[in-house]
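What follows is calculated from the coordinates using simple rules that are stated; it is not laboratory data. Because the structure is a prediction, the values reported are computed rather than measured. Positions of Cβ are backbone-derived with ideal geometry, glycine not excepted, and every protein chain shown enters the neighbour counts.
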């Protein structure tokens with residue numbers, strides 16, 4: 001049987017063998033083609049330190065059919081692979097206690113060589129403010145040469161990738177399923193964007209493997225493992241993003257939490273983390289400073305200095321502006337503070353929206369727009 | 001006792017669609033094997049009247065001679081239904097069997113009888129009294145004998161003698177000339193119109209200033225409105241206020257609406273013409289037929305019951321797709337055509353649509369107090385249930401947020417419905433004056449050509465709207481809708497040219513579809 005290296009990798013990874021069997025196996029045999037040769041063709045494994053259970057599992061792994069499908073899938077989607085023994089394999093993952101033995105990827109591996117990498121995670125059902133903040137911060141970081149690592153989920157993850165692409169740096173997405181899967185479906189266009197801008201899609205799951213629930217918390221260790229620093233944008237206390245935080249802490253990474261809305265239940269986990277000593281930041285500049293990534297270069301990005309929006313001239317607009325300075329407000333609260341009549345306030349809000357000074361949030365609430373729209 | 005037959009012909013009325021039509025009740029009694037037969041396409045309720053009539057006559061103290069009785073309801077090709085033929089049948093039977101000798105010169109040809117009999121001879125109210133009386137007048141009848149409980153409903157029709165009766169005995173005395181019932185006093189509509197009964201007053205609503213204002217605009221221009229908000233934000237309460245701030249029904253409108261309610265039996269006994277605009281709130285499990293009208297013998301649906309009033313659809317996305325799509329015709333034309341194999345009917349249904357929905361399946365998207373647990377996909381699926389074409393017919397969309405507790409306790413009393421209604425009425429007068437030569441009479445009904453003609457913008461309003469179109473990715477349709485709403489806001493202000501603040505406010509009632517449906 002003659003297949004490319006990567007197809008044998010896919011065969012081996014398809015067995016979902018635990019890392020503490022897989023890595024010694026690779027070390028002993030050198031690559032997965034050799035493993036295949038020993039276990040499937042010659043059916044004569046060396047008497048060695050591979051546990052009997054593992055040997056049994058390997059000999060039982062069906063071969064030919066799946067390998068053909070794998071080959072077509074990998075060709076169709078341009079999927080390549082590497083093992084922990086390869087030189088390309090990211091060094092930071094090698095240091096993990098449970099590194100992925102085999103990694104599949106599509107896209108440009110060179111973004112793994114960039115020094116400045118930040119992992120950003122957050123809830124799939126995030127608040128509007130959280131989504132906006134994620135995009136802005138990712139964009140400003142990206143403008144200053146930072147590669148953003150995230151999980152390509154809907155919500156915060158997707159916004160982080162988008163922000164990064166807008167800022168001009170490549171972005172890395174770590175998936176919890178085979179790279180051929182259309183998951184999550186609504187982020188398919190985003191996947192294409194990531195690949196077209198020299199980004200990278202990574203997964204430890206072989207092509208054809210479905211996005212199963214238990215993959216994702218486990219995958220999260222790769223997201224946190226790929227950077228020095230993890231940013232939690234917005235999460236509820238019991239949330240998948242918190243497993244990433246746990247992994248990051250275990251791996252000895254810096255964890256930052258975005259403060260978010262102090263009363264919103266959507267950023268409960270952020271508040272808890274901040275109380276427990278997570279890094280506090282509000283702008284990309286804070287992160288760059290803390291990481292010593294400023295490189296004496298001028299900062300790029302308008303939000304970088306946290307400039308407050310300029311004060312409007314018109315008196316009713318000023319009233320609305322001053323009311324919103326204290327935080328986002330509902331329509332009735334705005335009426336009470338500004339003492340305007342409803343029709344007056346409604347038209348002022350439109351004017352300010354058009355001038356891009358404020359934005360409307362769901363639930364008839366309004367917030368000042370930070371002058372960061374680029 | 002001879003064997004030659006005796007014939008009686010009594011006039012009554014039936015209802016087809018929303019129109020009454022004359023029915024001749026012919027009764028022929030002849031010697032032979034005693035029995036009664038009803039012909040002329042009677043349905044079960046008409047066929048059963050045989051037994052009711054029999055018992056009612058006996059209990060009115062008249063002994064019936066044993067006769068072979070044939071009752072024909074002409075025209076014989078229309079299906080007759082309902083118990084309203086009881087009374088004319090009883091009168092016919094009494095005359096044909098000579099149980100009752102009519103007074104000299106009694107004009108059966110100019111008198112209409114209808115009413116349901118109970119076994120003891122009392123006369124019960126029937127459905128559809130108003131359309132029957134109206135067409136009795138149109139056909140040149142002079143007198144209508146009807147159940148007492150239906151009298152007030154018919155009291156506004158001029159040029160007819162309305163004789164309310166409560167027992168069969170009274171009818172017998174009337175026909176034999178011994179005692180003529182007191183005719184129903186003619187009432188003018190203004191007389192009935194003294195009190196506009198407001199069930200929910202605007203002053204009971206705390207907070208919700210934006211929604212209140214939107215309601216006022218909607219009422220003033222007759223615009224359809226959609227409210228989106230978390231559960232418990234008061235959407236239903238707001239909607240219920242609407243009939244109270246709309247101008248009261250005009251006489252013609254009241255006739256149209258009462259007629260439909262009369263046919264469906266929705267009028268409370270003893271009530272007259274409807275004064276307050278109807279408020280119809282079908283549950284979201286409603287079928288297409290119950291919403292639009294139809295059924296085996298076509299009946300008006302909820303959209304027609306809301307004619308000249310308010311149709312409130314709570315939980316809009318939970319309505320079946322078919323039901324929502326079926327709303328498009330009445331929203332467009334103000335009329336529904338129901339076609340069945342045996343029946344074809346058109347019902348008027350020009351109503352204001354007020355819809356309410358949650359922002360997402362769990363209801364808490366965007367809420368500040370509770371976390372929403374819906375995924376983006378779930379939210380999109382939920383919102384997609386409301387189709388674009390339906391949404392296109394809704395001029396105002398407004399978000400309703402839950403009122404914070406401190407505001408509920410806020411002691412400042414809000415404006416009452418009467419105050420708001422006065423402003424709405426003024427704005428409606430402006431529109432009536434402006435559109436006196438047109439076929440429409442509210443801003444909501446403006447078509448594209450009329451929008452260009454009547455929605456004149458000031459220069460800065462135009463600049464502002466163009467900027468809004470740019471900034472909010474508004475479609476041409478959305479733009480036209482903003483113009484219509486801006487027209488109404490300007491009318492509320494009593495201004496002829498739409499200023500920039502009017503336009504800016506109107507934009508606020510559109511940005512919702514930016515946020516949710518983009």
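Between the helical axis of B:476-493 and the dominant principal axis of chain B, each derived from Cα atoms, what acute angle in degrees is found, rounded to the nearest 10? Tilt of helix B:476-493: around 80 degrees. Using only the C-alpha atoms, the convex hull of the stretch B:446-518 corresponds to 77 Å³ per residue. Axis angle, to the nearest 10 degrees, between helix A:215-225 and the longest C-alpha principal axis of chain A: 80 degrees. Exposure proxy ranking for B:292, B:62, B:354, B:101, based on other Cβ atoms within 10 angstrom of each Cβ and starting from the fewest, stands as B:101, B:62, B:292, B:354. Of the two radii for chain B, the radius of gyration is 1.08 times the Kirkwood radius, both from the alpha carbons; that is the Rg over Rh value. Here the stretch B:6-176 has an Rg and Dmax of 14.6, 47 Å, counting Cα atoms alone.
Of B:472, B:357, the sequence from fewest to most neighbouring Cβ atoms within 10 angstrom is B:472, B:357.
For the stretch B:104-166, a/c is not less than 1.5, where a ≥ b ≥ c are the root eigenvalues of the C-alpha gyration tensor, and a/b does not top b/c. That puts it in the oblate class.
Shown for B:7, B:225: other C-beta atoms within 10 Å of each C-beta, ranked fewest to most, produce the order B:7, B:225. In chain A, helices alone account for a calculated mean residue ellipticity at 222 nm of -12500 deg cm²/dmol, with every DSSP H run of four or more residues adding -39,500 (n - 2.57).
Among beta bridges identified by DSSP and lying wholly in the stretch B:6-176, the antiparallel ones come to about 60 percent. Using the Cβ-Cβ distance between residue B:104 and residue B:452 with R0 = 51 Å, the FRET efficiency computed as 1/(1 + (r/R0)^6) comes to roughly 0.15. With a Förster radius of 51 Å applied to the beta-carbon distance between residue B:463 and residue A:86, the computed FRET efficiency rounds to 0.25. With contacts taken as Cα pairs under 8 Å at a separation of at least 6 residues, the stretch B:144-195 carries a relative contact order of 36 percent. For a paramagnetic label modelled on residue A:188 (point 7 Å from Cα along Cα→Cβ), amide N atoms under 16 Å away are absent within the stretch A:98-141.
Summarised in one figure, the compactness ratio Rg/Rh of the stretch A:315-368, Cα atoms and Kirkwood Rh, is 0.89. Considering only DSSP beta bridges with both partners in chain B, what is the antiparallel share in %, to the nearest 5? Bridges in chain B that DSSP calls antiparallel: roughly 45 percent. Counting only other chain Cβ atoms within 10 Å of each residue's Cβ, the peptide A:356-365 averages 6. With respect to chain A, whose longest principal axis is taken over its alpha-carbon atoms, helix A:128-143 is tilted by about 70°. Put simply, when B:41-50, B:177-186 are sorted by average Cβ atoms within 10 angstrom per residue, most first, you get B:41-50, B:177-186.
Its relative contact order, with pairs defined as Cα atoms under 8 Å and 6+ residues apart, puts the stretch B:446-518 at 41 percent. Computed from the C-beta positions of residue B:47 and residue B:392 and an R0 of 51 Å, the FRET efficiency is 0.55 to the nearest 0.05. Think of it as helices only: each DSSP H run of n ≥ 4 in chain B is worth -39500 (n - 2.57), and spread over all residues that comes to -11000 deg cm²/dmol at 222 nm. The alpha-carbon positions of the stretch A:5-78 define a convex hull whose volume is 83 Å³ per residue.
When the alpha carbon gyration tensor of chain A is reduced to an equivalent ellipsoid, the three semi-axes, largest first, read 48, 19, 18 Å.
Here each label is just a point 7 Å from Cα along the line to Cβ, and for residue A:53 and residue B:190 those points are 9.6 nm apart.
Peptide B:207-214 is shielded by partner chain Cβ atoms: per residue, an average of 5 of them sit within 10 Å of its Cβ. Shape analysis of the stretch B:337-384 yields a ratio of the Cα radius of gyration to the Kirkwood radius, Rg/Rh, of 1.35. Computed from label points 7 Å out along Cα-Cβ, the spacing between residue A:20 and residue B:385 is 5.0 nm.
Here the translational diffusion coefficient of the stretch A:109-304 follows from Stokes-Einstein with Rh set to the Kirkwood radius across Cα pairs; for 10 °C and 1.306 mPa s it amounts to 97 µm²/s. Using C-alpha pairs below 8 Å separated by at least 6 residues, the relative contact order for chain B is 13 percent.
Projection of the Cα convex hull of the protein assembly as shown, averaged over all directions and equal to a quarter of that hull's surface, yields 50.8 nm².
Among beta bridges identified by DSSP and lying wholly in the protein assembly as shown, the antiparallel ones come to about 45 percent.
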